[in-house]
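Encoded as structure tokens, the structure appears first; notes follow it.
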Amino acid sequence: MFAETGDRLSIRVLSNIAQGFGASLAQDTGFSDGRYSEVMQLRPMKDFRAKEVAAYLRFSDVEYITLPTLTTMAPTQASIDRLTEAFVLGLQHSFPSTVSTICRTAAKICPAADMDQNSQDCCVMCEALLDTSVTGISALQSSNFSHHLTEQEPSALECMADSSCCKNSDKTCDSSSCVFSANDLSNELCYGCRLILREIDNIESLPVEILRLAQRRRNRHKMKNDIQEYLLDDE
């Protein structure tokens with residue numbers, strides 16, 4: 001369980017939208033978040049204000065701890081989260097209904113109809129539902145086009161899978177399909193995580209488990225496409 005109040009969630013709503021994570025708002029700000037198979041995240045204090053919680057702790061003489069983050073006591077311009085926090089709290093000071101309005105609006109948000117809730121394919125970094133299957137004109141298409149115009153040679157990573165995918169006994173790869181590039185990783189990420197990936201010069205700096213999972217999914221999709229004509233429809 002997380003002690004996230006309405007103030008914190010309202011800040012997260014605007015911050016996530018600004019950073020490209022709007023498709024996962026229902027999971028990031030809801031009472032429960034079941035995207036992780038090992039644990040269910042709960043937010044029982046989401047409907048309380050920070051001042052209400054602080055007053056209760058003071059009058060009830062309850063001890064509490066504060067966990068600092070990378071942006072704790074940082075200047076306003078240190079990150080989008082800090083800038084959003086200053087904006088929301090400043091607006092709340094002049095208009096007391098700001099936090100509650102943002103929270104009520106976020107509670108009405110649900111995933112798009114074309115996003116498969118039962119799909120096994122989710123972002124390998126944040127495990128949110130993939131929101132990159134947009135075919136029409138969208139911010140995703142515009143961002144991809146701009147990135148394509150300025151794109152340099154993408155960094156590549158040698159095969160990280162086990163020996164079952166390799167042809168040689170020494171686990172070296174003969175096939176170019178075993179070379180894993182940043183573009184391959186991007187295909188397994190949601191829109192927000194794709195924007196983060198573009199700020200990374202070398203994908204080798206990412207956790208090994210993320211790279212292995214993304215490569216395994218890439219190989220699985222490739223295999224499915226190769227045998228697609230032999231598969232039977234679900235109907």
List every residue whose amide H lies under 5 Å from the amide H of GLU4, counting only residues 5 or more places away in sequence or on a different chain, with H placed 1.01 Å from N in the peptide plane.
MET45
Roughly speaking, what is the stretch gain from GLU127 to LEU232, that is 0.36 nm per residue apart minus the C-alpha to C-alpha distance, in nm to one decimal?
34.9 nm
Between GLU199 and THR66, what is the label-point separation in nm under the 7 Å Cα-to-beta-carbon projection?
2.5
Amide H contacts under 5 Å for SER181, restricted to residues at least 5 apart in sequence or on another chain and with H modeled in the peptide plane, are LEU157
Given Cα positions, please report Rg to Rh for segment 27-91, the hydrodynamic radius being the Kirkwood one.
1.02
Distance in nm between pseudo-label sites at SER79 and GLU52 (7 Å out along the Cβ direction from Cα)
2.7
Just want the answer: with Cβ charges of +1 for Lys and Arg and -1 for Asp and Glu, which residue in PHE31, ILE65, ILE80 is farthest toward the dipole's positive end in segment 1-85?
ILE80
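Here, each number is a calculation from the coordinates, and none is a lab measurement. Here the structure is a predicted model, which is why all the values come from computation and not from measurement. Glycine gets a Cβ as well: all are built from the backbone with ideal geometry, and neighbour counts include every protein chain shown.
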